[in-house]
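The values are calculated or read from the model by the stated rules, or taken from the named source; none is laboratory data. In this text the structure is predicted, and so the values were computed from the model without any measurement. So basically every Cβ, Gly included, is an ideal-geometry build from the backbone, and we count neighbours across all protein chains shown.
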């Protein structure tokens, strides 16, 4: 399903030199619509769990949850914590169809991933897989932000993407309002593979906007690994901190 809404607001031309920063509205000499100050001051995720990217006091550690219940995915790559202004930018992209904001975040994520691929920190996956959205929610929103991010990353990184390999045939309650245990139960049987899916021996990277508990990524990675995938990574814009009591 490719139901995309008409976008009637300003379209930013990235090839011009005279840009306006999409975060502070000031002029920028950069070819990108973000100034150097705003990009530097984004909530970059530095100290994190080396598996699920949960923010931690020190880098290179594995959080207690990943040690106790190792997820099916190999690692999560997220440049930022889900805090201001990243949370606001993502929300406006998803819920207000502010595509230039999503394009900007996808561009910066692609640059972050390319740097890590070039340095050898990451192994290049064979295919990018956007996290699927149920048809009812897709009709309500008009687009799947994970699909859009996967397309932009596919172009930037020269990695194929497949929007049809993963399916979400069953409607589930929105994950945002659920705790970690309920999220896991909510996703039981929520996903499936396309009948002609080629999975055996392939390395995939799931693409989504935000990783919260990791329940969705774990469910999809487990489905892929059970079907013979070699490895599954997760690429997303932001990682939420551990929720309070």
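If you check 51, 34 for being surrounded by 19 or more Cβ atoms within 10 Å (Cβ to Cβ), within 16 Å of residue 111 (Cα to Cα) and modelled with pLDDT of 90 or more, only one passes: 34. Scanning the range 51-86 for residues that are more than 16 Å from the chain's Cα centre (by Cα), closer than 22 Å to residue 121 by Cα and not in a helix (DSSP H, G or I) yields a total of 12.
With respect to the conditions (1) in a helix (DSSP H, G or I); (2) under 17 Å from the mean Cα position of the chain (by Cα); (3) under 30 Å from residue 200 (Cβ atoms), residue 104 falls short on a single one, namely (3). From the list 114, 145, the lone residue that is surrounded by 15 or more Cβ atoms within 10 Å (Cβ to Cβ), under 16 Å from the mean Cα position of the chain (by Cα), at pLDDT 95 or above and over 16 Å from residue 210 (Cβ atoms) is 114.
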